[in-house]
1. Report the residue, chosen from 70, 62, 194, that carries the largest GNM mean-square fluctuation when the chain is represented by alpha-carbon nodes joined by springs under 10 Å.
2. Just rank 111, 253, fewest to most, by other beta-carbon atoms within 10 angstrom.
3. Hey, got the dipole for the stretch 146-277? About the Cα centre, +1 on K and R Cβ, -1 on D and E Cβ, debye to the nearest 20?
4. Which of 229, 115, 126 sits farthest toward the positive end of the charge dipole of the chain, with +1 on the Cβ of Lys and Arg and -1 on the Cβ of Asp and Glu?
5. If R₀ is 51 angstrom, what is the calculated FRET efficiency for the pair residue 222 and residue 312, using the beta carbon separation as r and rounding to 0.05?
6. Select from 162, 143, 196 the residue farthest towards the positive end of the dipole of the stretch 142-203; place +1 on Cβ of Lys and Arg, -1 on Cβ of Asp and Glu, and compute about the Cα centre.
7. Which whole-number percent gives the relative contact order of the chain, counting Cα pairs below 8 Å spaced six or more residues apart?
8. So if R0 is 41 Å, what FRET efficiency would residue 293 and residue 249 give, r being the distance between their Cβ atoms, rounded to the nearest 0.05?
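Just so it is clear, none of the values below were taken in a lab; they were calculated from the coordinates. Note that the structure is predicted; figures quoted are calculated from it, not measured. Here Cβ is always computed from backbone atoms with ideal geometry, including for glycine, and neighbour counts include all displayed protein chains.
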Amino acid sequence: MDLVTLTEAGLYCPAGDFFIDPARPVARAVITHAHADHATTGHGAVLCSAEGAGITRLRVGPQPTLEALPWGEPRQIGDARVSLHPAGHILGSAQVRIEVAGEVWVASGDYKVEPDPTCTAFEPVQAHTFITESTFGLPVYRWPAQRQVVADMASWWQRNQAADRASVLFVYALGKAQRILAGLGTLLGDDCGPIVVHGAMTALTDAYRAAGVRLPQTSLVSALPKDFPWHQALVLAPPSAQGTPWMRRFGAYADAYASGWMLVRGQRRRRAVDRGFVLSDHADWPGLLQAIEATRAQRVLVTHGQVPVLVRWLAEQGLQAGALEAGYGGEQELETAVTVPDA
Ligand SMILES: [Zn+2]
Ligand SMILES: [Zn+2]
């Protein structure tokens, strides 16, 4: 019996009559996390983790009833017993465990296994069938340690300060921005110097603080005077701000991009920034294999990324592996059109 099937609206659990991260409005949605391609609007009822309730509400809008489930607490939905378990991807990101008549499936959502100061760590959950994402499901993807990446960012910032130019770091506004802020706060202290953020990040960053995540002080770019000493500042901005008139106020600046895709030379070139920092909120290749093994699942369904490569590798390990391709839009501009990396 398949506890989860793929429909046009996305992953569907017939026993509980609910969808997981549906791409279109449904009566009942279980939302794994608040990234835009997972948390869509227009649903009747939404179930999400208690940890992610604040940012999920920001994304799904005021209409749906929103039920916030503490980690691991079971919730009966129809014939399905549902519980949520930390996925370690961003604040509140959940894996969905579904049990029907002793059969257990876990849908991972997006996940990473490396500890992240801004969210509860990934929890391995045993399952008969595991649905895994595979955004970075190629052996070439191996992340440097996050502490080292943050230290590299800090010294890049300090070198720019010494050269009297602003440091503009392009990052995804939800998850990555807050993770970098937390890392810099730990490394340099909470009053580590002027960190200014784009307006797209303020509500999300405030929601992280409201959820109890410790972040260094930040100011909103548009609230600062024109003669602000930008050359001392670290500016966090979404990639969509690159090349816009919004950037003019900074005067001389160096720019950088933080993403797992920065491991790929062609992607670095395409972004046309001075510096690429390799930092991803998704599991790298060893992380995917580690997470899959920890579930002890005999059957693994692969979605959301490098599907054929991971399916083939898992089948070669003797697992029952298949593709479950959902119509995800890709939550990051860069998470598209990467098939074969050139570095
Ligand atoms: Zn995500
Ligand atoms: Zn995603």
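1. 62
2. The order, fewest Cβ neighbours first, is 253, 111.
3. For the stretch 146-277, the charge dipole is close to 520 debye.
4. So the residue furthest toward the plus end is 229.
5. Efficiency for this residue pair is about 0.55.
6. Farthest towards the positive end: 143.
7. 17 percent
8. It comes out at approximately 0.25.
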